[in-house]
1. Looking only at residues in region 22-52 that are of a type in the set (A, V, I, L, M) and open to solvent by 10 Å² or more (accessible area, probe 1.4 Å), which one is nearest to LEU108 (Cα to Cα)?
2. Among (1) touching a strand residue (DSSP E or B) at 6+ places or on another chain (Cβ under 7 Å); (2) under 19 Å from PRO222 (Cα atoms); (3) open to solvent by 10 Å² or more (accessible area, probe 1.4 Å), there is one condition GLN172 misses while meeting the rest; what is its number?
3. Evaluate the following for ALA185: is it in a strand (DSSP E or B), open to solvent by less than 30 Å² (accessible area, probe 1.4 Å), within 30 Å of ASP113 (Cα to Cα) and not hydroxyl-bearing (Ser, Thr, Tyr)?
4. Among the numbered criteria (1) of a type outside the set (Ser, Thr, Tyr); (2) open to solvent by 50 Å² or more (accessible area, probe 1.4 Å); (3) touching a Pro at 6+ places or on another chain (Cβ under 8 Å), which single criterion is violated by PRO222?
5. Which pairs have Cβ atoms under 6 Å, sit 6 or more apart or on different chains, and link a residue in region 139-157 that is under 27 Å from LEU42 (Cα atoms) to one that is surrounded by 23 or more Cβ atoms within 10 Å (Cβ to Cβ) and small (Gly, Ala, Ser)?
6. Can you tell me which residues in region 208-249 are free of Cβ contacts under 8 Å to residues at least 12 places away in the same chain and closer than 24 Å to VAL114 by Cα?
7. Taking the condition in a strand (DSSP E or B) and either surrounded by 14 or more Cβ atoms within 10 Å (Cβ to Cβ) or at positive phi (or both), does ALA239 pass?
8. I'd like the full set of residues that are under 16 Å from the mean Cα position of the chain (by Cα) and open to solvent by 50 Å² or more (accessible area, probe 1.4 Å), limited to region 146-169.
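The values are calculated or read from the model by the stated rules, or taken from the named source; none is laboratory data. Because the structure is predicted, anything quoted here is derived from the model rather than measured. Please note: Cβ atoms are built from the backbone with ideal geometry, for glycine as well, and neighbour counts cover all protein chains shown. For the accessible areas, the whole protein counts, side chains as well, though only heavy atoms, and no ligand, DNA or RNA atoms are used. Shrake-Rupley method; radii C 1.70, N 1.55, O 1.52, S 1.80 Å.
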Amino acid sequence: MLGMSEFDTLGDTYERSAVELPFREHVEHHSVRQAVGDVTGLTVLDMGCGSGIYTRRLATWGARHVTGIDVSEGMLATGHERERAQQAGVTYLRRDATRPGPAGDPLLDGTCDVVVSVYALCYAVTEQELTGFLTTARRALKPGGRLVAMTLNPDYGRGVRYYAGYGFSLTQHEEGEGAPVTLAATLPGGLPMSVTARWWSHRAYEKAASAAGFARSSWAVPTVSETGASQYGSAYWTAYLNAPQAVILNATVG
């Protein structure tokens, strides 16, 4: 059963953060674009699409068709609003990707060349939900398909002030698999944003990917775009790159 999400009221704020926080534009967006590669003519699933930022971007990157799925009605409403204002030809479906049904999903299963997921896996509350996310991705992929998932870095920089220079903080009071990690940010103009993810080890992600049926998995660290390096200077990014708050899980279907 689909329930309420902490993101239901964050659609517009999340959209703003994607362009107003430099690390999101010059590290996150750049790194996801590099990891996804050429999607020209491909069918892509944006799993945990939120307000559709990457759903729309994937369409502009040349994908033949993009479907975004999310559990949050509020986020999907923002996505539909953006699609009405400037049509990208994408489709949105409400799905709880942490709970793939035993009968499968005839609209999604085996239809995609690539599954992209940006900050979704780290919102799995239990190992079962984490495996559920990855099972949804695995089922959606065609033979030879691949998953590109940006998620919370298990080795992120500790200390509430570590990322202060980048406009946000990470706070974790507990240790261990599934421990809550709260990201708090203040956007230009004083607009606050706060969400709580979960800490999972590299091993937990890899174990879940294997249980979901992925043949291989590997990790990639984010990089800074040339524009970001030029605009802010290389020294600005040093602390972030020493301990980025996100990493990218790549997994492939045998």
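1. LEU42
2. Going through (1) touching a strand residue (DSSP E or B) at 6+ places or on another chain (Cβ under 7 Å); (2) under 19 Å from PRO222 (Cα atoms); (3) open to solvent by 10 Å² or more (accessible area, probe 1.4 Å) one by one, GLN172 breaks only (2).
3. Working: in a strand (DSSP E or B): yes; open to solvent by less than 30 Å² (accessible area, probe 1.4 Å): yes; within 30 Å of ASP113 (Cα to Cα): no; not hydroxyl-bearing (Ser, Thr, Tyr): yes.
No, not satisfied.
4. Exception for PRO222: condition (2).
5. The qualifying pairs are LEU147/ALA137; LEU147/ALA251; ALA149/SER117.
6. SER210
7. Values: in a strand (DSSP E or B): no; either surrounded by 14 or more Cβ atoms within 10 Å (Cβ to Cβ) or at positive phi (or both): yes.
Here the answer is no, as ALA239 does not meet what is asked.
8. Correct list: ARG146 only.
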